[in-house]
Amino acid sequence: MEALGKNRVIPVLVIEDAAWAKDLGNCLMDSGIDIVEVTLRTPASWQAIEMMKQIKGLCVGMGSVSRDSDLDRGSNLGIEFAVSAGFRSDLVAKARELRIPYLPGVATASEVLAGLGESLDELKWFPAETLGGITALKAISAPFPTTRFIPTGGINQENAAQYLAEKCVLAVGGSWMFPKSAMAEKNLTEIARLAVLASKLN
């Protein structure tokens with residue numbers, strides 16, 4: 001989790017065309033961000049991960065993990081961390097077996113307790129804004145003073161700093177530096193502008 005602590009903003013990428021994955025990765029690096037989570041939400045995801053893994057210095061993880069086979073395939077590609085939207089103890093065990101740093105998602109106190117039962121100190125909190133935002137995070141984190149959270153879901157340039165100011169927050173994840181219009185137009189200039197702003201939150 002060292003890379004997550006150093007990079008307090010984790011770009012979350014949903015990509016439809018892997019052909020420009022390296023361009024996106026280099027754009028992030030040039031903008032001061034050396035980490036990316038590629039979500040397994042599109043057919044292009046795996047190829048994008050392969051291409052981004054070729055970029056020296058870029059920490060590449062995968063998100064939306066839901067099966068053991070995702071972790072097996074990611075391990076073969078050398079991914080550096082994995083993230084899920086929810087919590088399943090079998091995925092925690094599989095990630096440990098493969099020595100992959102793993103962030104399962106939680107939304108309730110019971111799920112946080114389940115994470116503690118698996119000796120997990122860092123958990124994704126999702127979907128952050130839908131769950132009630134910073135006020136809700138303060139309430140849910142209070143009984144768990146040793147747990148650090150990575151909120152995602154509705155995080156943007158405007159509210160990210162407020163989340164990062166909370167002691168319980170290790171980092172935030174978001175896709176605001178990849179707006180749909182810029183992705184559709186392959187507008188690296190706009191993506192770079194937003195990534196530079198995001199990098200200043202680190």
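The values are calculated or read from the model by the stated rules, or taken from the named source; none is laboratory data. Since this is a predicted model, take the numbers as computed values, not measurements. Please note: Cβ atoms are built from the backbone with ideal geometry, for glycine as well, and neighbour counts cover all protein chains shown.
Output the number of residues of segment 54-72 satisfying the condition of being under 16 Å from the mean Cα position of the chain (by Cα) and either closer than 19 Å to Ser31 by Cβ or among the hydroxyl-bearing types (Ser, Thr, Tyr) (or both). Walk me through it before giving the result.
The initial filter retains those residues of segment 54-72 that are under 16 Å from the mean Cα position of the chain (by Cα), namely 58-66, 70-71.
Right, trim to either closer than 19 Å to Ser31 by Cβ or among the hydroxyl-bearing types (Ser, Thr, Tyr) (or both) and you get 58-61, 64, 66.
Of the residues in that region, 6 qualify.
Please verify whether segment 167-177 includes one or more residues that are on the phi < 0 side of the Ramachandran plot, more than 18 Å from the chain's Cα centre (by Cα) and not hydrophobic (A, V, I, L, M, F, W, C). The answer is yes; a qualifying residue exists. Take the residues of segment 171-193 that are of a type in the set (A, V, I, L, M, F, W, C) and crowded, with 20+ Cβ neighbours inside 10 Å: which is farthest from Ala21 (Cα to Cα)? So, considering only residues that are of a type in the set (A, V, I, L, M, F, W, C) and crowded, with 20+ Cβ neighbours inside 10 Å, the one farthest from Ala21 (Cα to Cα) is Ala171. May I ask you to list pairs of residues, at least six apart or on different chains, whose Cβ atoms are under 9 Å apart, with the first in segment 139-155 being closer than 15 Å to Leu170 by Cβ and hydroxyl-bearing (Ser, Thr, Tyr) and the second being assigned to a helix (DSSP H, G or I) and at pLDDT 95 or above? Partner pairs satisfying both residue conditions: Ser141/Val112; Thr146/Leu116; Thr147/Val112; Thr147/Gly115; Thr147/Leu116; Thr147/Ser141. Restricted to helices (runs of 4 or more DSSP H) entirely inside segment 1-118, those with at least 3 residues that are surrounded by fewer than 19 Cβ atoms within 10 Å (Cβ to Cβ), in contact (Cβ under 8 Å) with a residue 24 or more places away in the chain and of a type in the set (A, V, I, L, M) are 109-117.
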